[in-house]
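Below is one structure, written out as structure tokens; comments come after it.
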Amino acid sequence: MKGSVPGLVSLAAVALASTAAGAGEVSVKRGAQVAVTAGCHDCHTAGYSESGGKIDPAAALKGVGLGWQGPWGTTYAANLRLIAKENGSEDAFLTYAKNFQARPPMPFFNVHAMDESDIRSLYQYIVSLGEAGDHVPEYVPPGEEPKTPYIVIAPPIMPKG
Ligand code: HEC
């Protein structure tokens with residue numbers, strides 16, 4: 001029994017090596033992995049969360065027209081294909097990704113903290129997805145009613161002390 005364990009372990013290692021892209025590598029494959037593990041599809045790909053993590057190639061990272069409303073107003077997860085295209089090059093996208101700011105619930109600080117190789121890979125993956133498509137609806141300031149459906153992220157109701 002014990003003798004078979006190392007064999008199984010090395011088989012598992014071979015399987016892993018053939019599917020996972022390595023950290024530090026710059027490739028479309030690594031970018032695809034980063035987009036999943038960093039959570040970008042969660043908000044930027046229509047249908048991803050609802051389907052339990054299936055990526056519709058036609059919708060991947062094209063943004064979502066469902067709003068997020070809170071004290072900041074109503075925001076829409078941007079079309080990242082257009083953002084990559086507008087940046088125009090991998091180097092420009094790297095500078096942008098290290099510095100941009102955005103309203104909630106966008107965790108822009110997580111993107112700032114990414115390794116350079118992950119950001120470069122993400123750019124290559126986004127560009128590989130094909131035609132850029134259209135912009136998502138415009139940001140709506142607080143107090144104005146959005147024209148789309150939206151999710152309300154309200155401050156919690158605290159019990160009275
Ligand atoms: C919890 C949902 C959520 C997650 C997770 C998320 N985003 Fe966003 N993202 C948004 C929303 C909403 C906006 C629009 C914010 C605004 O209008 O200011 C946005 C905007 C952006 C923008 C555009 C900012 C601009 O200049 O207009 C970029 C770039 C971006 N996200 C990249 C990413 C990347 C890369 C990931 C994965 C690491 C990611 N986002 C994960 C919700 C999310």
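A single member of 145, 131 is in contact with a Lys or Arg (Cβ under 9 Å, 6 or more places away or on another chain) and surrounded by fewer than 12 Cβ atoms within 10 Å (Cβ to Cβ), and it is 131.
Considering 51, 89, which residue is under 28 Å from residue 148 (Cα atoms) and more than 12 Å from the ligand (Cβ to nearest atom)?
51
Looking at region 86-158, the helices (runs of 4 or more DSSP H) lying wholly inside it that each contain 2 or more residues that are out of contact with any helix residue (DSSP H, G or I) (no Cβ under 7 Å at 6 or more places or on another chain) sit at 90-99, 108-112.
Restricting attention to region 22-42, the residues that are of a type in the set (D, E, K, R) and within 14 Å of the ligand (Cβ to nearest atom) add up to 2. Checking each residue in region 48-71 for being under 11 Å from the mean Cα position of the chain (by Cα) and open to solvent by 40 Å² or more (accessible area, probe 1.4 Å) picks out only 62.
Being touching a residue at least 60 places away in the same chain (Cβ under 8 Å) and within 15 Å of residue 137 (Cα to Cα) holds for only one residue in 68, 72, and it is 68. Only one of the numbered conditions (1) surrounded by fewer than 17 Cβ atoms within 10 Å (Cβ to Cβ); (2) within 30 Å of residue 154 (Cβ to Cβ); (3) in contact with a helix residue (DSSP H, G or I) (Cβ under 6 Å, 6 or more places away or on another chain); (4) touching a residue at least 24 places away in the same chain (Cβ under 8 Å) is violated by residue 24, and that is (2). Given 45, 37, 74, which one is within 22 Å of residue 153 (Cβ to Cβ), of a type in the set (Ser, Thr, Tyr) and under 13 Å from the mean Cα position of the chain (by Cα)? None of the other options fit; the residue is 45.
Against the definition (away from the ligand (no atom under 12 Å from the Cβ) and of a type in the set (Asp, Glu)), how does residue 144 come out, yes or no? In short, yes.
The values are calculated or read from the model by the stated rules, or taken from the named source; none is laboratory data. The structure presented is a predicted model; accordingly, all values stated were derived computationally and were not measured. Backbone-built Cβ (ideal geometry, glycine too); neighbour counts: all protein chains shown. Side chains included, ligands, DNA and RNA excluded: accessible areas come from the protein's heavy atoms. Shrake-Rupley method; radii C 1.70, N 1.55, O 1.52, S 1.80 Å.
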